[in-house]
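Heads up: the structure comes next, in structure tokens.
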Amino acid sequence: MEDYRNKKECQYCHKEILKRIKKCPFCRKFCYPQMFKVNSPNIKRNREMAKILETGEFTLQQVGEKYNISRERVRQLYRVIAKKPYTTLLAKRRRIQRRIKIIEEETRKNTVSFYCRDCNKPVLFSESHPFQQIICKDCYKIYKKELRDWKTTKTCKQCGKQFHPYANNTQQFLCSNACYTQYGRGKKQRIATISSVFRINNRIIQSYA
């Protein structure tokens, strides 16, 4: 039998070279000492394992039980022979599905979502609003300006800024939705403090009664 202790297989051209040589004399590329031998008795077994794993019908554990080696060793040998990490069919399908989703999203952004009701202008998915798919952005700005009463000015009770109220709501005293939410939170806090004061007063009255 030949002595394979001082020999290894090239990572790129798969030819037998000495273990102490770092650069392959055939392909002129650097090799690593962890590569197994070309003519070793286990090379046929390793190539058979790689072919079985490429079919996708067997797992690493099943192949390892068949050849009496661990599943981690099977994964290492497959990486050496196939020159790529081991991935299951499910992982490959998930990668393909992610790529398809990215491509679909990119193509959907450039497709027409709807046509504007007023100007009949095509609106893309990237430009459209998710909750407002009737008119385009330009027509929506004009529509909002028409709703305002530009002759009257009021001051916001929350932030103190001046604003033009809507024509159909003359009793408006807040400029925006953000001020409305802050005003509502402050109102709840004021009600809570008043109710707590009333409770304390009732307890004091009951203690003296």
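What follows draws every value from the coordinates through simple rules; no lab data is involved. Every value quoted in this text rests on a predicted model; they were computed, and no experiment measured them. A quick note on method: Cβ atoms are made from the backbone with ideal geometry, for glycine too, and the neighbour counts reach across all protein chains shown.
Rounded to the nearest 0.05, what FRET efficiency do residue 100 and residue 58 give with R0 = 22 Å and r taken as the Cβ-Cβ distance? Could you check?
E between residue 100 and residue 58, to the nearest 0.05, is 0.20.
Roughly speaking, what % of Cα-Cα pairs in the range 7-87 are separated by over 15 Å, rounded to a whole number?
Above the 15 Å cut-off, the range 7-87 has 56 percent of its Cα pairs.
Can you tell me how the range 88-142 classifies by the Cα gyration tensor, rounded, prolate or oblate, using a/c under 1.5 as the rounded cut?
In terms of gyration-tensor shape, prolate.
Label-point separation (nm) for residue 82 and residue 51, each offset 7 Å from Cα along Cα-to-Cβ?
1.5 nm
Give me the net charge of residue 137's neighbourhood, meaning all other residues with Cβ under 11 Å from the Cβ of residue 137; Lys, Arg count +1, Asp, Glu -1.
With Lys, Arg at +1 and Asp, Glu at -1, the net is +1.
Under a point spin-label approximation (7 Å from Cα along Cα-to-Cβ), what is the residue 145-residue 164 distance to one decimal in nm?
The modelled label-to-label distance comes out at 0.8 nm.
Can you list the lysines whose alpha carbon sits under 16 Å from that of residue 66, skipping same-chain ones fewer than 8 residues off?
Partners found: 44, 51.
Starting with the fewest neighbours, write out 74, 63 ranked by other beta-carbon atoms found within 10 Å of each beta-carbon.
63, 74
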